[in-house]
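Below: the structure, in structure tokens.
The values are calculated or read from the model by the stated rules, or taken from the named source; none is laboratory data. Quick caveat, the model's predicted, so the values are computed rather than measured. Reconstructed Cβ throughout: ideal geometry from the backbone, glycine too, with neighbour counts over all protein chains shown.
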Amino acid sequence: MTTSPQTIEELATREYKYGFTTEVETDTIAKGLNEDVVRAISQKKGEPEWLLEWRLKAYRLWLSMKEPTWQNVKYDPINYQDIVYYSAPKKKKVLNSLDEMDPEVRRTFDKLGIPLEEQKLFAGVAVDAVFDSVSVATTFREKLASVGIIFMSFSEAVREHPDLVRQYLGSVVPHTDNFFAALNSAVFSDGSFVYIPKGVRCPMELSTYFRINAKDTGQFERTLIIADEGAFVSYLEGCTAPMRDENQLHAAVVELVAHDDATIKYSTIQNWYPGDKDGKGGIYNFVTKRGLCAGRGSKITWTQVETGSAITWKYPGCILQGDNSIGEFYSVATTNNWQQADTGTKMIHLGKNTRSTIVSKGISAGHGQNTYRGMVRVGKNAKHARNYSQCDSLLIGDKCGAHTFPYLEIRNTSARVEHEASTSKIGEDQIFYCRQRGLTTEDAVNMIVSGFCREVFRELPMEFAVEAQKLLSVSLEGSVG
Amino acid sequence: MLDIKSLQVKVEGKQILKGIDLRVNAGEVHAIMGPNGSGKSTLARALSGHPEYEVTGGEVLFEGQDLLEMDPDTRAREGVFMAFQYPVEIAGVNNAYFLKAALNAKRKHHGQPELDAMEFMQLIKEKSKLLDIDQSMLSRAVNEGFSGGEKKRNEIFQMALLEPKLAILDETDSGLDIDALKLVANGVNAMRSPTRAIIVVTHYQRLLDYIVPDHVHVLSGGRMVKSGGKELALELERRGYGWLENGVTAVGA
């Protein structure tokens with residue numbers, strides 16, 4: 001009955017339930033990175049010359065770059081020669097339908113709750129499934145194509161819509177952006193491509209499910225979403241990986257472009273393997289995500305629920321270039337056991353009357369370290385720009401940490417910028433109150449935490465809000481009690 | 001229903017209850033009174049299983065079962081309810097949602113089907129009349145931004161909903177003005193039943209004008225120093241606690 005100190009100490013004991021591996025024959029390029037590997041990836045994908053050149057330019061630049069060290073996370077140096085940069089399930093011939101997919105791969109997605117048969121999916125969600133380095137299936141393509149929407153793997157888009165890809169690739173996150181973006185630009189192997197034509201409201205949720213399977217393999221995917229004038233799309237990505245003792249690198253790049261009056265909602269439920277309770281293994285999630293509100297009145301909303309990964313390093317941001325454009329960032333980041341997260345956003349106000357909202361909820365438990373890092377920059381022409389930021393941290397136990405680093409750069413005096421921050425602990429008194437009403441400690445913690453995250457969860461598409469809540473409760477399992 | 005035998009309780013290493021005996025039958029209302037620091041709230045919290053209240057001796061039987069062996073949440077599901085002196089706020093958690101979770105946890109425990117949202121709203125409607133609870137209070141977060149009176153009313157409302165066998169009111173009257181006090185008392189009185197026992201912990205006789213107890217006990221220095229009928233409360237109101245405390249010293253000497 002004496003609960004206090006250790007109740008709060010025993011963190012996360014339930015096993016990561018997506019930690020299984022799949023036995024498939026793979027087509028793999030040997031470990032290590034050099035120009036030949038970059039060429040080999042490009043060749044395997046049958047890419048045009050310009051793309052290979054783009055990759056090589058990025059690779060050469062990367063060689064001269066230094067891994068960033070400013071972030072508030074600790075890890076042993078990564079040996080970039082000890083990573084497999086390309087691994088794909090072997091296929092015997094060109095895949096014409098799902099029936100020809102490796103049944104093992106297909107079973108993997110079934111097991112993950114992502115059945116790839118269209119009739120079995122959530123009604124109204126189209127899925128692109130990425131397994132290690134390649135996209136293995138994309139559902140509802142025809143249906144979407146009938147209204148002019150392009151939703152396919154990045155590799156296919158390079159073949160089928162080279163002009164669009166060439167026009168937008170690197171336009172929001174150039175290969176020069178940062179160390180991991182440069183690396184990604186050199187070796188990216190697949191990802192999703194979305195184009196919503198003028199005035200079209202995408203009739204279903206689009207989603208990509210990323211699965212890392214192979215050992216020692218890094219995943220480097222690229223997602224590019226373009227919403228043309230007046231278009232609307234809601235996109236969701238999810239991800240899991242097997243439990244392995246070694247750390248694995250995931251360095252993705254996501255670029256969004258919203259033209260006049262277009263809206264892109266991009267939601268992430270990140271559940272990469274977080275490592276075990278002693279901090280062994282887990283994914284290094286070093287991701288660059290950025291949206292360009294290119295047009296007047298355009299809007300980009302990032303919503304992220306980050307529960308997995310040993311280390312999370314990502315700052316999905318918005319460049320508010322069009323007048324009256326809107327950027328939003330809603331985030332829940334959980335760190336339990338020995339997880340570390342340094343995450344936040346960048347809101348760059350360039351156009352007039354641009355508005356941004358940042359709501360960040362950090363939850364730390366166990367020995368977890370959770371950092372919010374956010375930049376709000378108002379350029380000198382961004383008259384009447386407005387930003388509202390709210391950063392709340394919730395601590396469970398007394399061995400974890402929460403940190404907040406807001407950066408504000410205001411170059412226009414008409415800007416209005418607000419920042420609010422709070423840190424609280426889940427109180428024993430709150431837990432006891434719930435228990436006295438008949439709830440178990442675990443239910444009590446879940447309830448308190450989901451109350452804390454409510455403002456973010458309500459931004460998620462409905463089917464996924466429930467999923468996110470469940471995930472959160474699993475990732476905090478054992479944190480109290 | 002409740003049988004407490006020489007219960008001893010420590011809080012933060014300090015012995016607060018030094019051997020309490022109390023028997024409460026179904027249908028009875030007992031008032032526990034006493035000066036500040038006498039241990040009356042300690043008794044309430046120990047019975048509900050608060051983790052900071054360490055039982056160092058004695059036993060408590062609740063319907064023949066060892067209450068002290070049960071987790072706080074099991075006690076609650078078995079039918080022990082405590083109205084808190086200081087109800088806590090839970091930001092972002094809808095009050096109705098919280099109540100539904102609590103009620104369903106209890107129903108599940110007793111093998112009853114859980115109520116769905118429609119059934120639950122119906123139930124809430126009935127019960128909220130009882131306490132003149134404004135429906136808007138149910139859509140707000142648990143106790144968040146509630147006035148002192150609203151918090152206490154919410155406690156009694158939860159009690160009405162959860163229908164405990166044993167309800168313990170921990171200084172529910174503190175901080176209430178007379179109108180709020182009457183409302184709360186009406187709620188409690190409506191809950192009186194031959195199958196339910198109620199323990200009212202209070203410093204002042206005032207509440208007992210509205211919730212008339214069958215038995216009154218006086219705690220002082222961690223012991224029961226006097227028990228009697230409802231007239232004992234009136235005597236305390238007149239004479240204060242001093243004469244009893246002196247009495248204890250005399251007995252002790």
- request: May I ask you to list the residues in the stretch B:119-143 that are among the hydrophobic types (A, V, I, L, M, F, W, C) and not in a helix (DSSP H, G or I)?
  value: B:LEU131, B:ILE133, B:ALA141, B:VAL142
task: Would you mind finding the one in A:ILE426, A:ILE410, A:ILE396 that is among the aliphatic types (A, V, I, L, M) and within 14 Å of another protein chain (Cβ to nearest Cβ)?
output: A:ILE426
task: Run down B:PHE146, B:PHE98 and say which single residue is out of contact with any Lys or Arg (no Cβ under 7 Å at 6 or more places or on another chain) and not in a helix (DSSP H, G or I).
output: B:PHE146
Candidates A:PHE220, A:PHE193, A:PHE151 - the one that is touching a residue at least 24 places away in the same chain (Cβ under 8 Å), closer than 30 Å to A:LYS277 by Cβ and touching a Ser or Thr at 6+ places or on another chain (Cβ under 8 Å): A:PHE220
task: Return yes or no: is B:ALA91 modelled with pLDDT under 90 and at the interface with chain A (Cβ under 10 Å from one of its Cβ atoms)?
output: yes
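Working only within the stretch A:360-403, note down all residues that are within 20 Å of A:ARG416 (Cα to Cα) and among the basic types (Lys, Arg). Talk me through it step by step, then tell me what you get.
Within the stretch A:360-403, the first condition is being within 20 Å of A:ARG416 (Cα to Cα), and the residues that meet it are A:360, A:373-391.
The answer is A:ARG373, A:ARG377, A:LYS380, A:LYS383, A:ARG386.
Residues of the stretch B:116-135 being under 11 Å from B:PHE157 (Cβ atoms) and not β-branched (Val, Ile, Thr), which ones?
Looking only at the stretch B:116-135, we keep the residues that are under 11 Å from B:PHE157 (Cβ atoms), and these are B:124, B:127-134.
B:LYS127, B:SER128, B:LYS129, B:LEU130, B:LEU131, B:ASP132, B:ASP134, listed by residue number.
To keep it simple, each residue is scored yes or no on (1) in contact with a helix residue (DSSP H, G or I) (Cβ under 8 Å, 6 or more places away or on another chain); (2) over 26 Å from A:GLU25 (Cβ atoms).
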{"residue": "A:ALA58", "(1), (2)": "yes, yes"}
{"residue": "A:LEU61", "(1), (2)": "yes, yes"}
{"residue": "A:GLU67", "(1), (2)": "yes, yes"}
{"residue": "A:ASN72", "(1), (2)": "no, yes"}
{"residue": "A:VAL84", "(1), (2)": "no, no"}
- request: State the number of residues belonging to the stretch A:184-241 that are hydrophobic (A, V, I, L, M, F, W, C), outside any strand (DSSP E or B) and within 17 Å of the chain's Cα centre (by Cα).
  value: 4
field: Number of positions in the stretch A:429-443 that are touching a residue at least 12 places away in the same chain (Cβ under 8 Å) and within 8 Å of chain B (Cβ to nearest Cβ)
entry: 4
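Residue under question is A:PHE20, and the condition is that it be modelled with pLDDT under 90, under 26 Å from A:ILE311 (Cα atoms) and assigned to a helix (DSSP H, G or I); does it hold? Please lay out each step first, then the result.
Numbers: modelled with pLDDT under 90: yes; under 26 Å from A:ILE311 (Cα atoms): yes; assigned to a helix (DSSP H, G or I): no.
Taking the combined requirement at face value, the residue does not satisfy it.
Taking the criterion of being acidic (Asp, Glu), surrounded by fewer than 17 Cβ atoms within 10 Å (Cβ to Cβ) and under 21 Å from the mean Cα position of the chain (by Cα), would at least one residue in the stretch B:69-78 satisfy it? Lay out the reasoning, then the answer.
Keep residues of the stretch B:69-78 that are acidic (Asp, Glu), which gives B:69, B:71, B:73, B:78.
Narrowing the set further to residues that are surrounded by fewer than 17 Cβ atoms within 10 Å (Cβ to Cβ) leaves B:69, B:71.
Checking the rest, the ones that are also under 21 Å from the mean Cα position of the chain (by Cα) come to B:69, B:71.
So far as the stretch B:69-78 goes, yes, one or more of its residues are acidic (Asp, Glu), surrounded by fewer than 17 Cβ atoms within 10 Å (Cβ to Cβ) and under 21 Å from the mean Cα position of the chain (by Cα).
Out of B:LEU123, B:LEU138, I need the residue that is surrounded by 14 or more Cβ atoms within 10 Å (Cβ to Cβ) and more than 22 Å from the chain's Cα centre (by Cα). Which one?
Details: B:LEU138 fails: more than 22 Å from the chain's Cα centre (by Cα).
None of the other options fit; the residue is B:LEU123.
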- request: Would you be able to say whether some residue in the stretch A:466-475 is among the aliphatic types (A, V, I, L, M), away from chain B (no Cβ under 14 Å), under 24 Å from A:GLY282 (Cα atoms) and touching a Gly at 6+ places or on another chain (Cβ under 8 Å)?
  value: no
statement: Of the residues in the stretch B:180-198 that are in contact (Cβ under 8 Å) with a residue 24 or more places away in the chain and not aliphatic (A, V, I, L, M), the one that is farthest from B:VAL80 (Cα to Cα) is B:LYS182
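For (1) within 14 Å of chain B (Cβ to nearest Cβ); (2) modelled with pLDDT of 70 or more; (3) under 23 Å from the mean Cα position of the chain (by Cα), each residue gets a yes or a no:
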site: A:THR2; (1), (2), (3): yes, no, no
site: A:THR7; (1), (2), (3): yes, no, no
site: A:TRP50; (1), (2), (3): no, yes, no
site: A:ARG60; (1), (2), (3): no, yes, no
site: A:TYR75; (1), (2), (3): no, yes, yes
site: A:LYS92; (1), (2), (3): no, no, no
site: A:ASN96; (1), (2), (3): no, no, no
site: A:VAL105; (1), (2), (3): no, yes, yes
site: A:PHE109; (1), (2), (3): no, yes, yes
field: Test: residue in the stretch A:408-428 that is in contact with a Phe, Trp or Tyr (Cβ under 6 Å, 6 or more places away or on another chain) and either part of a strand (DSSP E or B) or of a type in the set (Lys, Arg) (or both)
entry: yes
query: Would you say B:PHE84 is farther than 30 Å from B:ASN25 by Cβ, at the interface with another protein chain (Cβ under 10 Å from one of its Cβ atoms) and aromatic (Phe, Trp, Tyr)?
result: no
field: Test result for B:ALA105, within 14 Å of another protein chain (Cβ to nearest Cβ), out of contact with any strand residue (DSSP E or B) (no Cβ under 9 Å at 6 or more places or on another chain) and modelled with pLDDT of 90 or more
entry: yes
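Can you find a residue in the stretch A:456-475 that is modelled with pLDDT of 90 or more, aromatic (Phe, Trp, Tyr) and assigned to a helix (DSSP H, G or I)? Before the answer, list the steps.
Quick first cut of the stretch A:456-475, residues modelled with pLDDT of 90 or more only: none.
Checking the stretch A:456-475: not a single residue is modelled with pLDDT of 90 or more, aromatic (Phe, Trp, Tyr) and assigned to a helix (DSSP H, G or I).
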query: Does the stretch B:216-231 contain any residue that is part of a loop (DSSP other than H, G, I, E, B) and not small (Gly, Ala, Ser)?
result: no
- line: A:TYR284 passes all but one of the listed conditions (1) closer than 24 Å to A:VAL127 by Cα; (2) surrounded by fewer than 24 Cβ atoms within 10 Å (Cβ to Cβ); (3) at pLDDT below 95; (4) touching a Leu at 6+ places or on another chain (Cβ under 7 Å); the exception is number (1)
